[in-house]
1. Report whether or not B:Leu10 is over 16 Å from B:Ala132 (Cα atoms) and touching a Lys or Arg at 6+ places or on another chain (Cβ under 7 Å).
2. Please enumerate the residues belonging to segment B:35-55 that are within 9 Å of chain A (Cβ to nearest Cβ) and surrounded by fewer than 24 Cβ atoms within 10 Å (Cβ to Cβ).
3. Quick check: is even one residue across segment B:1-13 among the aromatic types (Phe, Trp, Tyr) and touching a Leu at 6+ places or on another chain (Cβ under 8 Å)?
4. Within segment B:15-34, take every residue that is of a type in the set (A, V, I, L, M) and at the interface with chain A (Cβ under 10 Å from one of its Cβ atoms) and give me the one that is nearest to the chain's Cα centre (by Cα).
5. Please work out which one of (1) within 16 Å of B:Lys17 (Cβ to Cβ); (2) surrounded by 15 or more Cβ atoms within 10 Å (Cβ to Cβ) is the condition B:Val115 fails and give its number.
6. Is one or more of the residues making up segment B:117-129 within 14 Å of another protein chain (Cβ to nearest Cβ) and not β-branched (Val, Ile, Thr)?
7. State whether one or more residues within segment A:56-63 are away from chain B (no Cβ under 14 Å), buried (at least 24 other Cβ atoms within 10 Å of the Cβ) and of a type in the set (Ser, Thr, Tyr).
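Bear in mind these aren't lab numbers, they're just calculated from the coordinates by the rules spelled out. The structure displayed is predicted, hence computed values, not measured ones. Note that we place each Cβ from the backbone using ideal geometry, even for glycine, and neighbour counts take in every protein chain shown.
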2 protein chains.
Amino acid sequence: MDYEFLISDLNHCKTRKAIGTDKGLAKIGDGIVNLAYSVAKSIFLTKNNLNENIIRTGKKVSKKILEIALKNANMKNFAKNRADAHDLADTVEALIAYVWFSDKMTLKEIINFLVENLSGDLNDRNEEIKNATIAFTDLLIYIKQFLPEK
Amino acid sequence: MDYEFLISDLNHCKTRKAIGTDKGLAKIGDGIVNLAYSVAKSIFLTKNNLNENIIRTGKKVSKKILEIALKNANMKNFAKNRADAHDLADTVEALIAYVWFSDKMTLKEIINFLVENLSGDLNDRNEEIKNATIAFTDLLIYIKQFLPEK
């Protein structure tokens, strides 16, 4: 089944803000972001620990990480005017859901992209925040090509 | 990237209980279950409303639905002994994550399976609980073939 019909209204008069401020898209994107990061972190920790332990973790991405990633990627113009931190995080989630629904990136492609762009010691909370922010910034810059220019 | 290495410890001495009681698997499965149900519900509501509205919704599946689905599928023997409702729901999530990691079902296949097995008026809360329970029961019965027999 092709899911693009679920965004056909947004594609009708496709604008950056219509996509970036869609609440339903943000809710579904929240699921995509958290699942993708959980699996990416599990892969990264499993591949980068000395004693070859297998690590499976379910990890919610903090809104702060997504908010800063959107700013760092210079993509605040996808969010609503006078957006607060929560709105900016929602915009990131909506954009990622849009790209997934558009079939531009599969879930596994999003996971693999995050794994490749993660680094450092993710068991250290501060380092994790810094490096997860970088990975999500990179992801946003990458998906910009799939989003409308205005 | 193939993710099966993330369950290689479980495949080493593969038992029903080892998979069904794995906490990390349950956490990742929680994300898979909620995302899959959100998209499945969005598709179902979009295809079954008279005025052709597009509906995107992010919906957490209640633990109660998963608990009863596991019982209805006669798969309580995948959970720990004296499991409470929360443990049983965790087992469902772990089993679905295991099947996803094993590459037996993709996320889209899980979504499509749920869509095909949903019915009724999902805007009515009681009817939704009843019919979502049926869809998850069907999914569990279907994935049983991919799980160890003992």
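1. On the way: over 16 Å from B:Ala132 (Cα atoms): yes; touching a Lys or Arg at 6+ places or on another chain (Cβ under 7 Å): no.
Taking the combined requirement at face value, the residue does not satisfy it.
2. Answer for segment B:35-55, where residues must be within 9 Å of chain A (Cβ to nearest Cβ) and surrounded by fewer than 24 Cβ atoms within 10 Å (Cβ to Cβ): B:Ile43, B:Thr46, B:Lys47, B:Asn53, B:Ile54, B:Ile55.
3. So far as segment B:1-13 goes, no, none of its residues is among the aromatic types (Phe, Trp, Tyr) and touching a Leu at 6+ places or on another chain (Cβ under 8 Å).
4. Step by step, filter segment B:15-34, then rank; the result is B:Val33.
5. Checking B:Val115 against (1) within 16 Å of B:Lys17 (Cβ to Cβ); (2) surrounded by 15 or more Cβ atoms within 10 Å (Cβ to Cβ), the one that fails is (1).
6. yes
7. The initial filter retains those residues of segment A:56-63 that are away from chain B (no Cβ under 14 Å), namely A:62-63.
Keeping just the survivors that are buried (at least 24 other Cβ atoms within 10 Å of the Cβ) gives none.
The answer is no, given that none of the residues of segment A:56-63 is away from chain B (no Cβ under 14 Å), buried (at least 24 other Cβ atoms within 10 Å of the Cβ) and of a type in the set (Ser, Thr, Tyr).
For (1) in contact (Cβ under 8 Å) with a residue 40 or more places away in the chain; (2) of a type in the set (Val, Ile, Thr); (3) in contact with a Phe, Trp or Tyr (Cβ under 9 Å, 6 or more places away or on another chain), each residue gets a yes or a no:
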residue: A:Asp22; (1), (2), (3): yes, no, yes
residue: A:Ser62; (1), (2), (3): yes, no, no
residue: A:Ala73; (1), (2), (3): yes, no, yes
residue: A:Ala85; (1), (2), (3): no, no, no
residue: A:Thr106; (1), (2), (3): no, yes, yes
residue: A:Leu114; (1), (2), (3): yes, no, yes
residue: A:Ser119; (1), (2), (3): no, no, yes
residue: A:Asp124; (1), (2), (3): no, no, no
residue: A:Ala132; (1), (2), (3): yes, no, yes
